[in-house]
Amino acid sequence: GSGTAVGGAGGGAIRLDIRNWLQLNGVIAANGSDGPTASIPGGAGSGGSIWVTAFNLTGSGYFQAAGGMGGNGSDDAGGGGGGRIAVYFNHSSLDLTTSSTAGGSGVASAQRGEVGTLIFVDVNSSNAWIGAGMLFNGSETSTDGSFKTTSASPFLFGNLTALQRALI
């Protein structure tokens, strides 16, 4: 293509509130689209949002809210940032390590998109599993995309497990 391109579309939002079983044997995805190819390419779309509550979570599938890849052209375009995934359940046999909020790759010297946020919470035990982009912030305001609380409502987890190189 030629000319200046707009950026890729974002991944949108998915909200599922399931009273009984979610058997996930495929993918629930809210991925950003790739940036278009043009002489001055557009950046990629960011991953979207997936918010799920389910009593029972089973299957062999996964959730994905990845950023798209930057567009290609005479200039380099950056990748889209990863999205957000939050899943709350009472019982789960799903492999929680396969879901992803990866940032999209940039073209040549352009930056890769930052990883998004991912959290799974077992509401019975208060156990939580977090992905690499998850940050905890105890202040009243948050402009960095972190999971926010105040001192009046601290983070209380039975166990906290870091997935995918997450830092705690």
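Remarks
- Remark on G82: its backbone amide H falls under 5 Å from those of G47, G67, G103, G104, E114, V115, G116, a criterion applied only to residues 5 or more positions apart or on other chains, H modelled at 1.01 Å from N.
- Applying 1/(1 + (r/R0)^6) with r as the Cβ-Cβ distance of N56 and S109 and R0 = 35 angstrom yields a FRET efficiency of 0.15.
- Remark: the range 8-126 is approximated by an ellipsoid whose semi-axes, taken from the C-alpha gyration tensor as √(5λ), come to 33, 11, 10 Å, largest first.
- Based on Cα contacts under 8 Å between residues 6+ apart, the range 67-125 shows a relative contact order of 43 percent.
- Net lengthening on full extension, D75/N20 (0.36 nm per residue, minus Cα-Cα): 14.8 nm
- The protection proxy used here, the mean number of other Cβ atoms lying within 10 Å of each residue, ranks peptides 86-93, 110-117 as follows, highest first: 110-117, 86-93.
- Overall shape: prolate for the range 61-135, with the ratio a/c of the largest to smallest alpha carbon gyration tensor axis at 1.5 or above and a/b above b/c.
- Peptides 100-106, 73-79, 160-166, 9-15 ranked from most to least packed give 100-106, 73-79, 9-15, 160-166, packing being the mean of other C-beta atoms within 10 angstrom over each peptide's residues.
Bear in mind these aren't lab numbers, they're just calculated from the coordinates by the rules spelled out. This structure is a prediction, so every number in the text was calculated from the model and none was measured. Don't worry about glycine lacking a Cβ; one is built from the backbone with ideal geometry, like all the others, and counts go over all protein chains shown.
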